[in-house]
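Have a look at the structure below, then the notes.
The values are calculated or read from the model by the stated rules, or taken from the named source; none is laboratory data. Being a predicted model, the structure only gives us computed values, none of them experimental. Glycine also receives a Cβ, built like all others from the backbone with ideal geometry; neighbour counts cover every protein chain displayed.
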Amino acid sequence: MAKQPGSVFVSLYFMVLGILLVVSAGMLAIGVRELASSSDPSQSMFYVLIGTSGLAITLYSIWQIQSKTKGLKIQVAKVVTVLECGSCHKKVTRNFKEGDYVYGTGEKCGSCGSDAPMTITDVFAEKPPQKKTTL
Amino acid sequence: MQLPALQQQDNPIGIIMNLVFLAMFFVFVVWGQRIQLTISLRDVEYALSRLKIMRDEARRAAVENLKRIGKSDKDPTYYVDRYLEYVFIPPVTMDPAGVVWKYDHLIGVTEDRVKDEVKAIAPAANEAQQFNLQNLLEVAQVLNTYYRVIRHYYIFGKKTASYFMIIQIQMLLPQIMREAEALLGAVHAFTYGHPIGDGAGALVAARFMHGRETKEVAKDTVLGETDIEGRRVLVVKSKGPGGTVGRPGDAVSAIIKKRRGISTVLMVDAGLKLEGEKSGEIFEGIGAAIGGIGTEKFKIEEAATKKKVPLYGIIIKMSTQEAVTPITKEIAEGIELAVQRVKEVIKERTKIGDLVLLVGVGNTMGIGQ
Ligand SMILES: [Zn+2]
């Protein structure tokens, strides 16, 4: 999105942020220096105050922009399939394979050697979505 | 308020500060709303760029899966792009009598058309996969609609510099973005055919229907018969494992018409929870528990009212996100709870020997019978 109609505003915004950053830092420096030497602490305190809040606002804005441009994240859950053997009723949980569906048939039972394939009784997302992929 | 710096008139920095404050005062008085507008526009612009990314991703997934599953020699991109711009033109409601049947007809036509086109563009897909591809296309289409509508208001608000236009759309954004994110999450589920939260009702019906003989009673809707606690129970669900909601309304009215002496209609559906409620919780109520545009609900209510059959609903609560993503552990537990609850309700509300109609409503993707 380089040719956005709002890109003029965006660059202006960054310019203002930059100026604010420099001015705030300067104010803070003056304030701190005067606080050490001056006989009027209220004025230097005022500079320190303005300088710190200016810095805070600027850094907050930058952080906000940064977090917004980090990109879109979609959560992909790990889905598992539960199969049950018709003859020995043993339950097996394994990763979901494409084509699996509840009350569909899976592979043969490994423990009793029955010829009939196992029945899928459940398909669900094992854990709350945790793996994140960035688009 | 007396600012210390403002008193230092002899100090050059003080004078500058004074001027700056004065200038800022004027800037905010004159351009205050303009600044607000710019900030709001930035918010909408950000949401818009995200919606575009989501739309493009859903579109890419649709094209990729049509190629992967369909194995057609034709490139599906053109078809997908055309589908994204399809519009449903709703019937006029000035004279509302009979509008349900008009909707019903138009929805049927739309479904058939999309089904035929998917069949043509993805010849290698089996029936279930065709349904899933249709769902995937629908997701991309809805995301495209969101994108287009937000873009419209964004550009319109910007052109007219209308603050109120922009704050209205800004107000709706959290809800829209949440739904859009849920839909994007659904892309993965529709790609592989995972059972989704919305299929909770269908899965409850499948629990009762499994192992019984089934027959198709309405388009993409099956009926099975079983016995629970001495009652004859007719179980209806959409035909799995393809992603479809079937036509439960047609099924219920056909069954009520054909089978005499149905004492109760019991419906199980997934419902949206309110913030603060737990996922997988069971709610009960009276009435037709079914969502959607309203045509199927209308048919069920009509049929039940005509024969004076009581309608009970059991709802499994979940969020928008959970409704379109793979069934979670909590919802799976809710489904088993609902199965127990169905048995209890049948025991409490009907007598031995009664005929009960149980309808499992929802998208049955990944759920057979
Ligand atoms: Zn076995």
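Tell me, yes or no, whether segment A:52-68 has at least one residue that is out of contact with any Phe, Trp or Tyr (no Cβ under 7 Å at 6 or more places or on another chain), within 16 Å of the ligand (Cβ to nearest atom) and modelled with pLDDT of 80 or more. Among the residues of segment A:52-68, not one is out of contact with any Phe, Trp or Tyr (no Cβ under 7 Å at 6 or more places or on another chain), within 16 Å of the ligand (Cβ to nearest atom) and modelled with pLDDT of 80 or more, which makes the answer no.
Collect the residues in segment B:92-110 that are hydrophobic (A, V, I, L, M, F, W, C) and either at pLDDT 95 or above or not in a helix (DSSP H, G or I) (or both), keeping them in residue-number order. Once the filter is applied, which keeps residues that are hydrophobic (A, V, I, L, M, F, W, C) and either at pLDDT 95 or above or not in a helix (DSSP H, G or I) (or both), segment B:92-110 yields B:Val92, B:Met94, B:Ala97.
Can you find a residue that is modelled with pLDDT of 85 or more, within 30 Å of B:Gln168 (Cα to Cα) and in the same structural domain as B:Leu172 (by TED's automatic domain parsing) anywhere in segment B:59-74? Scanning segment B:59-74 turns up at least one residue that is modelled with pLDDT of 85 or more, within 30 Å of B:Gln168 (Cα to Cα) and in the same structural domain as B:Leu172 (by TED's automatic domain parsing). Tell me which residues, restricted to segment B:291-314, are farther than 27 Å from B:Pro90 by Cβ and under 19 Å from the mean Cα position of the chain (by Cα). B:Ile314 - this is the single residue of segment B:291-314 that is farther than 27 Å from B:Pro90 by Cβ and under 19 Å from the mean Cα position of the chain (by Cα).
When we screen A:Lys78, A:Lys132 for residues that are at pLDDT below 85 and away from the ligand (no atom under 16 Å from the Cβ), the only hit is A:Lys132. Among the listed residues B:Met165, B:Met209, which satisfies the condition of being within 14 Å of chain A (Cβ to nearest Cβ), more than 25 Å from the chain's Cα centre (by Cα), crowded, with 18+ Cβ neighbours inside 10 Å and on the phi < 0 side of the Ramachandran plot? One residue alone meets the criteria, B:Met209.
Quick check on my filter: what residues within segment A:98-115 are surrounded by 12 or more Cβ atoms within 10 Å (Cβ to Cβ) and within 14 Å of chain B (Cβ to nearest Cβ)? Within segment A:98-115, A:Gly99, A:Asp100, A:Tyr101, A:Val102, A:Tyr103, A:Gly104, A:Thr105, A:Gly106 qualify. Name the residues in segment A:86-112 that are assigned to a loop (DSSP other than H, G, I, E, B) and within 15 Å of the ligand (Cβ to nearest atom), would you? Those that are assigned to a loop (DSSP other than H, G, I, E, B) and within 15 Å of the ligand (Cβ to nearest atom): A:Gly86, A:Ser87, A:Cys88, A:His89, A:Lys90, A:Cys109, A:Gly110, A:Ser111, A:Cys112.
Looking at B:Gly242, B:Gly276, B:Gly271, just one residue is in a loop (DSSP other than H, G, I, E, B), within 24 Å of B:Ala180 (Cα to Cα) and under 17 Å from the mean Cα position of the chain (by Cα), and that residue is B:Gly242.
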